[in-house]
Structures are given as C-alpha cells and as structure tokens.
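Peer 1: This is the structure, below, for whatever I ask next.
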Amino acid sequence: MDKGCWKHTLVALVVVLVSTFAEASFSCHMDDFIKAVKQVEDGDPGSDPVAVLKRLRRAAGLNDAFIQHFLGDANSGGPEIDAALSVYIRKTVHHRVTEDAKEEGVVLTSDGTTVALMPVLLGIEAGLLSKTEGGYQGLHQLTLAKDLALSFRHSSPLTPVLGPDGCWDSVTSPQVFTLLDSPSLVTTAQVNGGMDGIVLGMEAKSRHPLKLSSLLTEYYCHQLDREGLDVAPRLISRRRRENFRGLVSRPVLIRQVLKSQELMRKLVGRRLMRVRQLRPMVKEGMREFVQKYIECPPIIPRCMWGAEPYRGNPTNLSLPLSFLYIHHTHTPSKPCLTFQQCSADMRSMQRFHQEDRGWDDIGYSFVAGSDGYIYEGRGWHTRGAHTLGHNSIGYGVSFIGDYMATLPSQHSMGLVRDKLATCAVSGGRLVANFTLQGHRQVVNTSCPGDAFYNEIRGWKHFGVCTYEHMTY
C-alpha cells in the first residue's frame, strides 16, 4: 500500500475511533449533553455563555448565511473543542431526518420528551445577543419560524405539515430515535426545541446567566416534590407549552414566519415563493400548529412508557364520541411525579389488565400522571375497556392515584379538563356538547373516588344519569 493510501486509512481509522469513543462516553440524553457543555466551559475558564454557544455552533456546523445574519460567524474566536467532544456535539446538535425515519440532532430529557438541540442553542444565543428592551433579534426566526415557513410552503394533502413524535431505542442510554410516522419538515422534537429556544432565549436576556450549563440544568433537570407542578417553578421544561403560549401569540408567530421567508429570499435568491403567495398557507398551517401544540396537552406515546403490543385485533372507534368518563387507578395508589415512575405505573396497569383480567391491552384511553403529562393508553382511535357497556361511545381517562379522600394535583386536573377535552373537540374526536361523567355514574363502583367525584361534579360538561344517587 502506498503512503497516500496509508495516510487516508489512518485518518479514517482515527475518525471511527473518535466517533466510537464519543458514543461510548455520552448518550443522547440531555443530562449527558449538559455534561459535554460543562467540559466545553471548563476547557476555557472564564468564557461567557455567548462564547461557549459559538464554540458549540462551530463544532456542530451551524454557520449558514441565515444563522450568521443574526448571530455572526461561529468561526471567530475561542479555542477548538477536542475531537471526541466535537463528534458528540455534532451528532446531538446537527439536525436531520434520515430516509429510514431516524431523527438525529435530538436528545431525550428527564421528563420523557424529546428535544431538538439546534433551536434551543440558537434561541439562547439570540436572546443573549439582543440589545434592545423588549426586542429579540432573530429569536423567533432561528428557533421556529424559518422551519415552519419551510414546512408550510411544502404542504400538500399527502404530506404531513407537522410532527410526528417518535421513540428511543433505550430510555436509560438513548442513541437512536425513530419517528412513529411519515416525517414532516417540522417534527415534534423540533417544535419542542423551538419552544424551549424561545422561552430560554427570553429568560437568558433578562437574567444573563453565568454558565450555559446552569441554565440548561435548571430548566431540564428540576425534580418535582410531592405536590407536583402545583408548586413547581415557572421555568422548567414540563411547563414548555404553557410558557410558550404566554410568550408568543399566533399573530406574532405568523408575522415571524413571513419575515423568515422574506429573508430567505434575500439570502438564497428570488426563486423562493413570495410572501404574499405563502401567506394563506401560513394561516392554514398555523391553525394546525395551534391545535396540535397549544390546545392539546403533551402526550407520552406508548412506546416511550414501554407498552406491550395489543393482543388480538383492535376495534376502531366511530368518531366523534359523545362521552368522557373519568376514573382513578386506585392501584397504583400514589400519584407519580417522574417519567420513570409514571411509565412503571403504566406497565404495571397494562400487565394487570392483560394478565389478570385477560384484556387485550391496558383498558384506559389515556392516563394522567402528576408529572405534567398525559400517557397514551389505547389512544384516540381504539375502543377501550374502561367503562363497561360504554366503551364504544366514550373515552376513559384515568388519574394515577387513589382519590377517595384527596384530589389529584390541580395541574393534572387542568390537563384533562381544559386541555385533553378541548383537544378532543377541536380534533373531531369528541362532539362539542359531550357529556363528562364519573365511572360510578354508569357502573356500580366507587371510582373515581369520593373526593374526586365531588370535584368533577363542578366541571363543565358534567352530566347526571342512572347511578347518580346510589350509595357504594
């Protein structure tokens, strides 16, 4: 072999070894990414967050004309990040979807959601660089608006505009994230990252954190106490959608999407669609965005909590349905406060329903944890086994815990009462004048517990029926 071949082989071997080392050292979990950020910070003591963000951007290859227009050249200043760390950063930050529906440039967070890192980092940098009071130069465009413009202008009846979500090969040491359906140009992980980038960018501008790793840790790694989200801080990832909804209005986002399109036309040439042509597509696409990511609560898919397959052939529901039945699990008897515990509770209930009761699957349509999330049971389209004699006409939603004497958290009740129900109506899954009932109203049972039943009697859409005045 000549010297040229030897040199080429040696370089290739080094790249493979460095990549292998990086993957072995860190997983695609936010906790590991924060450790990598700390290593970058420690490699240049005294560097401010903007300098660290530029180095991360350089390592990830995020330096196109659109990004430079707002943030400047990432190649200016600061020492190089070591090779192994650079490989890891590029893997976790540089976003793309492969032909076999693997999404790269995303990480799993401790709360069970998946986030694209690129918009998070770009949003924080844009926030830190903003000079004017109340102004955020490029914040919306770098995080969400540009990607939404791209997706909306390529929309068609056969192409999804937004989503989907996906699942990891492992929740303890995640490496590969596979999408659950045909990908759009803006996945759920990108939306999550975009929302976080806007929230953290605005927060970074007002607070000027000393370290990027501290800001990320505070946001993504907060541990809930026994009162759950009712007393949790405002700035945590579990509050992503409510924080975003409070900061960004629909008209503002539409305007930023159109501004992104106009800037792209200036940067890459006039061949792109004009803003006036895009405007009706943006308004239509934004309706779907609001319904999917603002009106609806975040739902943890089955594959993320480790569901076993459905046994047999599921029966499809005929939508829209007319009833929403409220349950408590009774067992597990304690509210779950973490993704890990809620997932374990879901697996335990599915095991009981399949093995002990002989059902095809977990009985409920959805289950509310106290960790800030709804967990998918049989979902929107499959008939459940939750309310005997009524499974084909209504959804069964259960709250993890025993609520004979106490109530679920206010936050978890709001997720079902105000978000899941609204989502079902706007998505055509429940009729607008649906009836909400407790399990005990139609089946001889104490479910959903005395305290909780008294609570839901005051909820909108609550309706009475045969068992209303029976004693159990």
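The values are calculated or read from the model by the stated rules, or taken from the named source; none is laboratory data. Because the structure is a prediction, the values reported are computed rather than measured. Note that we place each Cβ from the backbone using ideal geometry, even for glycine, and neighbour counts take in every protein chain shown. Just so you know, the surface numbers come from the protein's heavy atoms only, side chains and all, with ligands and any DNA or RNA stripped out. Shrake-Rupley method; radii C 1.70, N 1.55, O 1.52, S 1.80 Å.
Peer 1: Within segment 190-207, is there a residue that is over 23 Å from D147 (Cα atoms) and exposed (fewer than 15 other Cβ atoms within 10 Å of the Cβ)?
Peer 2: yes
Peer 1: Somewhere in segment 377-394, is a residue within 25 Å of D111 (Cα to Cα), among the hydrophobic types (A, V, I, L, M, F, W, C) and out of contact with any Gly (no Cβ under 8 Å at 6 or more places or on another chain)? Even if it seems obvious, please write down each step before you answer.
Peer 2: Residues of segment 377-394 that are within 25 Å of D111 (Cα to Cα), as a first pass: 377-380.
When the remaining residues are screened for being among the hydrophobic types (A, V, I, L, M, F, W, C), the result is 380.
Adding the requirement that they be out of contact with any Gly (no Cβ under 8 Å at 6 or more places or on another chain) leaves none.
The answer is no; no qualifying residue exists.
Peer 1: Only residues in segment 112-129 that are within 19 Å of V50 (Cα to Cα) count as the first member; pair them with residues that are among the aromatic types (F, W, Y) and buried (at least 24 other Cβ atoms within 10 Å of the Cβ), Cβ under 9 angstrom, at least 6 apart or cross-chain, and list the lot.
Peer 2: From residues that are within 19 Å of V50 (Cα to Cα), the pairs are L117/F33.
Peer 1: Take the residues in segment 157-172 that are among the polar types (S, T, N, Q) and more than 20 Å from V290 (Cβ to Cβ); name whichever of them is most open to solvent (accessible area, probe 1.4 Å). Please lay out each step first, then the result.
Peer 2: Narrowing segment 157-172 to residues among the polar types (S, T, N, Q): 159, 170, 172.
Next cut, more than 20 Å from V290 (Cβ to Cβ) only: 170, 172.
Numbers: S170: 32, T172: 120 Å².
Selected residue: T172.
Peer 1: Can you pull out the residues in segment 389-425 that are on the phi < 0 side of the Ramachandran plot, of a type in the set (G, A, S) and assigned to a loop (DSSP other than H, G, I, E, B)?
Peer 2: S392, A405, S409
Peer 1: Also, quick follow-up: Among the residues that make up segment 249-256, is at least one of them under 17 Å from Q141 (Cβ atoms), modelled with pLDDT of 95 or more, open to solvent by 10 Å² or more (accessible area, probe 1.4 Å) and more than 23 Å from the chain's Cα centre (by Cα)?
Peer 2: Yes, segment 249-256 contains a residue that is under 17 Å from Q141 (Cβ atoms), modelled with pLDDT of 95 or more, open to solvent by 10 Å² or more (accessible area, probe 1.4 Å) and more than 23 Å from the chain's Cα centre (by Cα).
Peer 1: Let me ask you something else. Which residue out of F462, F399, F434 is touching a helix residue (DSSP H, G or I) at 6+ places or on another chain (Cβ under 9 Å), over 22 Å from E376 (Cα atoms), of a type in the set (A, V, I, L, M, F, W, C) and open to solvent by less than 50 Å² (accessible area, probe 1.4 Å)? Full working, then the answer.
Peer 2: On the way: F399 fails: over 22 Å from E376 (Cα atoms); F434 fails: over 22 Å from E376 (Cα atoms).
The match here is F462.
Peer 1: Okay, moving on. When only residues in segment 240-278 that are in a helix (DSSP H, G or I) and of a type in the set (G, A, S) count, which is farthest from H411 (Cα to Cα)? Step through it out loud before you land on a result.
Peer 2: Let us first name the residues in segment 240-278 that are in a helix (DSSP H, G or I), namely 240-247, 250-268, 275-278.
Still in the running and of a type in the set (G, A, S): 246, 260.
Numbers: G246: 16, S260: 35 Å.
So the residue we want is S260.
Peer 1: Further question: Hey, could you check segment 152-167 for residues that are within 18 Å of the chain's Cα centre (by Cα) and at pLDDT below 95 and say which is farthest from C303 (Cα to Cα)? Talk me through it step by step, then tell me what you get.
Peer 2: Looking only at segment 152-167, we keep the residues that are within 18 Å of the chain's Cα centre (by Cα), and these are 160-167.
Now restrict to residues that are at pLDDT below 95: 160-161.
Details: P160: 21, V161: 23 Å.
If we take residues in segment 152-167 being within 18 Å of the chain's Cα centre (by Cα) and at pLDDT below 95, then V161 is farthest from C303 (Cα to Cα).
Peer 1: Which is crowded, with 18+ Cβ neighbours inside 10 Å and more than 22 Å from V191 (Cα to Cα), of A74, A60, A83?
Peer 2: Numbers: A60 fails: more than 22 Å from V191 (Cα to Cα); A83 fails: crowded, with 18+ Cβ neighbours inside 10 Å.
Of A74, A60, A83, the one residue that is crowded, with 18+ Cβ neighbours inside 10 Å and more than 22 Å from V191 (Cα to Cα) is A74.
Peer 1: For segment 104-113, what are the residues that are open to solvent by less than 10 Å² (accessible area, probe 1.4 Å) and not in a loop (DSSP other than H, G, I, E, B)? Write out each step before concluding.
Peer 2: Of the residues in segment 104-113, the ones open to solvent by less than 10 Å² (accessible area, probe 1.4 Å) are 105-109, 111-112.
Once the filter is applied, which keeps residues that are open to solvent by less than 10 Å² (accessible area, probe 1.4 Å) and not in a loop (DSSP other than H, G, I, E, B), segment 104-113 yields V106, V107, L108.
Peer 1: Can you go through F66, F70 and tell me which one is touching a Lys or Arg at 6+ places or on another chain (Cβ under 9 Å) and assigned to a helix (DSSP H, G or I)?
Peer 2: Details: F70 fails: touching a Lys or Arg at 6+ places or on another chain (Cβ under 9 Å).
Answer to the selection: F66.
Peer 1: Looking only at segment 130-152, decide whether some residue is assigned to a loop (DSSP other than H, G, I, E, B), open to solvent by 50 Å² or more (accessible area, probe 1.4 Å) and in contact (Cβ under 8 Å) with a residue 12 or more places away in the chain.
Peer 2: The answer is yes; a qualifying residue exists.
Peer 1: Sort through R271, R240 and tell me the only one that's open to solvent by 50 Å² or more (accessible area, probe 1.4 Å) and among the charged types (D, E, K, R).
Peer 2: Of the residues listed, the single one that is open to solvent by 50 Å² or more (accessible area, probe 1.4 Å) and among the charged types (D, E, K, R) is R271.
Yes or no, residue by residue, for (1) outside any loop (DSSP other than H, G, I, E, B); (2) within 25 Å of E242 (Cα to Cα):
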| position | (1), (2) |
| --- | --- |
| L162 | no, yes |
| Q175 | no, no |
| V191 | yes, yes |
| E203 | yes, yes |
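Peer 1: Quick one: in segment 405-424, of everything that is farther than 19 Å from H386 by Cβ and in contact (Cβ under 8 Å) with a residue 12 or more places away in the chain, which residue is least open to solvent (accessible area, probe 1.4 Å)?
Peer 2: Restricting attention to segment 405-424, the residues satisfying the condition of being farther than 19 Å from H386 by Cβ are 405-407, 409-411, 414, 418-419, 422.
The next check asks that each one be in contact (Cβ under 8 Å) with a residue 12 or more places away in the chain; those that pass are 405-407, 409-411, 419, 422.
Working: A405: 91, T406: 79, L407: 72, S409: 18, Q410: 102, H411: 37, K419: 45, T422: 62 Å².
Out of the qualifying residues, it is S409.
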